[in-house]
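The values are calculated or read from the model by the stated rules, or taken from the named source; none is laboratory data. Since the model is a prediction, treat every value here as computed from it, not as a measurement. Cβ placement follows ideal geometry from the backbone for every residue including glycine, while neighbour counts extend to all protein chains displayed.
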């Protein structure tokens with residue numbers, strides 16, 4: 001028996017076939033392969049603030065349910081329901097800041113990574129928990145998005161309680177204050193409308209009546225379990241004092257939320273129109289697919305938003321956007337990040353417990 005080194009000679013045909021196989025592998029879509037996944041929940045900062053009278057906020061609640069073995073989507077929807085039901089969080093659900101006619105209109109989207117399905121609602125009135133309605137659309141229909149009165153009718157038929165008004169004394173008081181400060185007609189020519197409405201919002205922020213993060217509202221919450229299964233949800237009362245019927249980025253797949261179970265998840269809060277033009281959550285997931293860290297992927301999306309912001313009314317004198325926009329992202333390896341146009345916060349919960357952390361800002365300054 002020969003124990004020396006063996007040399008294998010390839011025929012020309014074998015060499016060509018081997019090269020073709022190598023090329024095919026090189027051209028295949030990039031897949032991030034996780035190791036042993038560790039449970040993780042990431043959210044906007046209000047995901048570690050409001051508890052609706054309980055002892056845990058959204059990220060800790062969702063994380064606990066994931067560790068218990070609950071479906072990840074069920075877990076994150078349960079988490080954000082604390083914000084939707086808490087009258088003190090006036091950026092989502094019950095008591096969310098209303099539109100220009102004083103009506104609370106809610107939007108939500110959820111996405112299930114393993115099932116590769118999504119559900120959404122927009123301009124939903126009278127139902128405190130739009131995320132749960134979005135989840136029911138995902139599980140019980142062939143559609144993604146239901147809107148307005150028909151979304152409400154769907155929810156009613158499926159056992160949800162419809163209330164005549166979701167305002168609280170707090171949200172109604174702020175609405176009346178805004179009406180006092182802004183032109184009551186609201187439908188001015190674009191330049192005058194932007195000046196009047198934005199001026200009133202800024203005055204109310206400076207007066208401490210509403211927080212700058214609550215002008216646009218919203219909570220995004222995304223999670224992953226030990227199996228590497230990823231799901232996410234975004235829910236909001238939308239832009240405060242918006243034109244009735246306005247829908248922002250939150251319920252739109254690829255904008256307010258996007259999940260790819262082989263890559264990761266991303267979601268947003270902030271100026272929805274700026275995010276919609278770039279479908280930034282989808283962009284962030286695709287950048288992570290190409291190998292970028294969640295922080296770098298999110299900053300790339302913010303740079304594109306900044307470059308695409310050209311209207312003078314949306315720019316400061318030094319040429320920066322006048323608005324805030326935040327992204328929250330993680331990949332299947334468990335790397336995560338919160339990024340923002342200006343300095344901000346985000347929430348995360350791991351085996352180390354819930355935390356509120358500083359985002360990485362594109363512009364290292366307070367929002368104008």
Consider region 206-243. How many of its residues are at pLDDT 95 or above, in a loop (DSSP other than H, G, I, E, B) and either farther than 19 Å from residue 274 by Cα or in contact with a helix residue (DSSP H, G or I) (Cβ under 6 Å, 6 or more places away or on another chain) (or both)? 5
Counting only residues that are surrounded by fewer than 17 Cβ atoms within 10 Å (Cβ to Cβ) and touching a strand residue (DSSP E or B) at 6+ places or on another chain (Cβ under 8 Å), region 269-305 contains a total of 1
Candidate set: region 318-335, residues that are touching a residue at least 40 places away in the same chain (Cβ under 8 Å), farther than 15 Å from residue 280 by Cβ and more than 14 Å from the chain's Cα centre (by Cα); chosen: the one surrounded by the most Cβ atoms within 10 Å (Cβ to Cβ): 331
What residue, of 337, 297, 301, is closer than 18 Å to residue 257 by Cβ, at pLDDT 95 or above and part of a strand (DSSP E or B)? 337
Considering region 117-151 alone, what residues qualify as being touching a strand residue (DSSP E or B) at 6+ places or on another chain (Cβ under 6 Å) and more than 19 Å from residue 232 (Cα to Cα)? 123, 124, 147, 148, 151
Do we have any residue at all in region 65-82 that's farther than 17 Å from residue 223 by Cα, touching a strand residue (DSSP E or B) at 6+ places or on another chain (Cβ under 8 Å), modelled with pLDDT of 95 or more and buried (at least 21 other Cβ atoms within 10 Å of the Cβ)? no
Restricting attention to region 344-356, the residues that are touching a residue at least 12 places away in the same chain (Cβ under 8 Å) and surrounded by fewer than 16 Cβ atoms within 10 Å (Cβ to Cβ) number exactly 3
Among the listed residues 169, 164, identify the single one that is within 19 Å of residue 244 (Cβ to Cβ) and modelled with pLDDT of 95 or more. 164
Select from region 278-294 the residues that are under 23 Å from residue 345 (Cβ atoms), touching a residue at least 40 places away in the same chain (Cβ under 8 Å) and part of a helix (DSSP H, G or I) and write down the one among them that is farthest from the chain's Cα centre (by Cα). 288
Of all residues in region 126-137, which are surrounded by 22 or more Cβ atoms within 10 Å (Cβ to Cβ), more than 17 Å from the chain's Cα centre (by Cα) and either assigned to a helix (DSSP H, G or I) or at pLDDT below 95 (or both)? 137
Determine whether region 246-268 contains at least one residue that is part of a strand (DSSP E or B), in contact (Cβ under 8 Å) with a residue 12 or more places away in the chain and farther than 23 Å from residue 46 by Cα. yes
Residue check, residue 46 against (1) buried (at least 23 other Cβ atoms within 10 Å of the Cβ); (2) assigned to a loop (DSSP other than H, G, I, E, B); (3) on the phi < 0 side of the Ramachandran plot, all met but one. Which one? (2)
Can you tell me which residue among 315, 325, 362 is farther than 21 Å from residue 260 by Cα and in contact with a strand residue (DSSP E or B) (Cβ under 6 Å, 6 or more places away or on another chain)? 325
Filter region 340-354 down to the residues that are under 18 Å from the mean Cα position of the chain (by Cα) and over 14 Å from residue 265 (Cα atoms) and list them by number. 340, 341, 342, 343, 344, 345, 346, 347, 349
Does region 11-32 include one or more residues that are at pLDDT below 95, under 20 Å from residue 224 (Cα atoms) and either out of contact with any helix residue (DSSP H, G or I) (no Cβ under 6 Å at 6 or more places or on another chain) or assigned to a helix (DSSP H, G or I) (or both)? yes
Filtering region 307-325 for residues that are in contact with a helix residue (DSSP H, G or I) (Cβ under 9 Å, 6 or more places away or on another chain) and not in a loop (DSSP other than H, G, I, E, B) leaves a count of 5
Are any of the residues in region 147-158 more than 22 Å from residue 281 (Cβ to Cβ) and either part of a loop (DSSP other than H, G, I, E, B) or modelled with pLDDT under 95 (or both)? yes
